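The values are calculated or read from the model by the stated rules, or taken from the named source; none is laboratory data. Keep in mind the model is a prediction, meaning the values are calculated, not measured. Reconstructed Cβ throughout: ideal geometry from the backbone, glycine too, with neighbour counts over all protein chains shown. Ligands, DNA and RNA are excluded from the accessible area calculation, which covers all protein heavy atoms including side chains. Shrake-Rupley method; radii C 1.70, N 1.55, O 1.52, S 1.80 Å.
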Amino acid sequence: MKSMAAYNGREIPKEDKVFAASGAALEAVEKYGPEKVINATVGALYDDSGELIVLKSVERIMKSLPAKSYAAYAPIAGTPAFKNAIAKAAFGGYEPKSYVAVVGTPGGTGAIRNAIANYSQPGDKILTHSWHWAPYKSISGELYRGIERFEMFDEAGNFNIEDFEYKVKKLTRNQEHLVIILNTPANNPTGYSLSMDDWYGVKRVLDDIPEEKKIALVLDVAYIDFAGEPEKVREFLPVVDNLRSNILPVIAYSASKTFTLYGARCAAMICLAYSPEVAEEFVKVNSFSARATWSNSPRAPQEVIERIYADEKLLAEVEGERAKDRDMLLARGRAFEKAASECGLEIVPFSAGFFVTVPCKEPDALCEKLKEKNVFLIPLDRGVRVSVASSSEEKCRRLPAIIKETMAEFGM
Ligand SMILES: Cc1ncc(COP(=O)(O)O)c(C=O)c1O
């Protein structure tokens, strides 16, 4: 017997490309030493010597938790103090006008999963941009939904509001529900952040949708706290806080990057509902889904975040530490961008964040060739992803010329 599994229409590759590439990079580091290898595969922030950055303040609080803080179950939707704290973290200084409700999830992944499960129907298409985080498709597939992509950029390199509008209209013609996922600021894999003009365009398109259609606008803000100044990167909030009653904005806010709690699995889905009934229903349906998939989320990271927001001094310490790491990351991104422009390497429009993308025709072949030079990147469908989060500024400065030269060897 060759197979026991029921594939149910899913295409399941032999191995995950990201994990395969980072595995190969780690082997090379072991063999040749960290200085000889550029491992730009990782989706987590590393320091210049190749160590995972963990906020010291977060580590200290985590280690001080009494046993019952991690051993006891948390309520299905999260502890009340966590829900308050994570909403404060997500909104920063902004005070929403809409009805806010919060459901804790194990990572932003859980928030995206629940939003798709509860705001679309089996057989529906989920709309996202052409450059997107690969799990959107696999999560949709697991839930018997498909993906429709709008071209993220037009020929001039601007956010492609025309294609967004075309795809929204096309899908709402046949679907009663539509989940739209926008990953901004600091999109994975491009690093692009929607401008305020882009946001006004999104609002104009959504305002035009017939009222009987139900839209969930999922904002995957996984990288928001590394995308720039906290107030600046939240400037779009008043726009999504002012949409019509048939649009439900859902913010997928993850503690993975913001609090360096990647493996602790902590996040929240936060809605900005038009009415208290819709907010209440949001808690009901998403708690039900949580119970039926992972049940409750880990309690320990919820207590860590609770404690941070209960103590002003501690919050200032966490924010101070994060600001230093963010500035280091922003400097790496700028160094890569500058070096790319100096050597004539084209990149997909970039603003900030963990990743930069280089568009190219044969991403897999290019990554294989780069491996021979001990440079490890992630091949995508139409380009290669470079993690500036896991490469020092000095390596970010060197990388564009190496990529450019390797592309030239291919005649690209
Ligand atoms: C775009 C994007 N969204 C969401 C996530 C979710 O991460 P987590 O489930 O660890 O919060 C990631 C993580 O890499 C991501 O890159």
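Of the conditions (1) in contact with a strand residue (DSSP E or B) (Cβ under 9 Å, 6 or more places away or on another chain); (2) more than 14 Å from the ligand (Cβ to nearest atom); (3) assigned to a loop (DSSP other than H, G, I, E, B), H132 fails just one. Which one is it?
The single condition H132 does not satisfy is (2).
With the structure loaded, tell me whether K97 is open to solvent by 60 Å² or more (accessible area, probe 1.4 Å), touching a residue at least 24 places away in the same chain (Cβ under 8 Å) and not in a helix (DSSP H, G or I) or whether it fails that test.
It is true that K97 is open to solvent by 60 Å² or more (accessible area, probe 1.4 Å), touching a residue at least 24 places away in the same chain (Cβ under 8 Å) and not in a helix (DSSP H, G or I).
Yes/no matrix, rows are residues, columns are (1) within 16 Å of the ligand (Cβ to nearest atom); (2) among the aromatic types (F, W, Y); (3) more than 20 Å from the chain's Cα centre (by Cα):
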| residue | (1), (2), (3) |
| --- | --- |
| G191 | yes, no, no |
| P230 | no, no, no |
| I247 | no, no, yes |
| S254 | yes, no, no |
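Starting from residues that are free of Cβ contacts under 8 Å to residues at least 24 places away in the same chain and of a type outside the set (D, E, K, R), keep the ones in the stretch 354-412 and report whichever is least open to solvent (accessible area, probe 1.4 Å).
P363
For A87, work out the one condition from (1) closer than 26 Å to Y136 by Cα; (2) buried (at least 21 other Cβ atoms within 10 Å of the Cβ); (3) away from the ligand (no atom under 16 Å from the Cβ); (4) of a type outside the set (K, R) it doesn't fulfil.
(2)
Can you work out which of the residues in the stretch 135-154 that are surrounded by 17 or more Cβ atoms within 10 Å (Cβ to Cβ) and either on the phi > 0 side of the Ramachandran plot or of a type in the set (F, W, Y) (or both) is nearest to the ligand (Cβ to nearest atom)?
In this case the residue turns out to be Y136.
Applying the selection to the stretch 263-285, what residues are crowded, with 19+ Cβ neighbours inside 10 Å and within 20 Å of the chain's Cα centre (by Cα)?
A264, R265, C266, A267, A268, M269, I270, C271, L272
Conditions first: (1) of a type outside the set (D, E, K, R); (2) more than 21 Å from the chain's Cα centre (by Cα); (3) within 18 Å of E231 (Cα to Cα). L345 passes all but one, so which condition is the exception?
Checking L345 against (1) of a type outside the set (D, E, K, R); (2) more than 21 Å from the chain's Cα centre (by Cα); (3) within 18 Å of E231 (Cα to Cα), the one that fails is (3).
Specify which of the listed residues (E372, E368, E319) is under 23 Å from the mean Cα position of the chain (by Cα) and not hydrophobic (A, V, I, L, M, F, W, C).
E319
State the number of residues belonging to the stretch 207-221 that are within 24 Å of N114 (Cα to Cα) and surrounded by fewer than 21 Cβ atoms within 10 Å (Cβ to Cβ).
5
Pairs please, first residue from the stretch 216-237 and at positive phi, second anywhere and within 16 Å of the ligand (Cβ to nearest atom), Cβ atoms under 6 Å, 6+ apart in sequence or on different chains.
G228/A352
Just checking, how many residues over the stretch 362-399 are of a type outside the set (G, A, S) and in a loop (DSSP other than H, G, I, E, B)?
The total comes to 8.
Just to be sure before I move on: is Y119 more than 27 Å from S287 (Cα to Cα) and either buried (at least 22 other Cβ atoms within 10 Å of the Cβ) or away from the ligand (no atom under 15 Å from the Cβ) (or both) in the structure I sent?
In short, no.
Can you pull out every residue in the stretch 286-296 that is closer than 15 Å to I116 by Cα and open to solvent by 50 Å² or more (accessible area, probe 1.4 Å)?
F288, A292, T293, listed by residue number.
So which pairs qualify, if the first residue must be in the stretch 122-146 and of a type in the set (G, A, S), the second must be away from the ligand (no atom under 16 Å from the Cβ) and outside any loop (DSSP other than H, G, I, E, B), the Cβ gap must be under 9 Å, and the two must be at least 6 apart or on different chains?
G123/G146; S130/F150; S130/F153; S130/D163; S140/K125; S140/G146; G146/K125
Quick one: which of G263, G320 is within 16 Å of the ligand (Cβ to nearest atom), under 27 Å from N187 (Cα atoms) and assigned to a helix (DSSP H, G or I)?
It is G263.
Can you tell me which residue among P80, P106 is under 18 Å from the mean Cα position of the chain (by Cα) and either open to solvent by 10 Å² or more (accessible area, probe 1.4 Å) or within 12 Å of the ligand (Cβ to nearest atom) (or both)?
The match here is P106.
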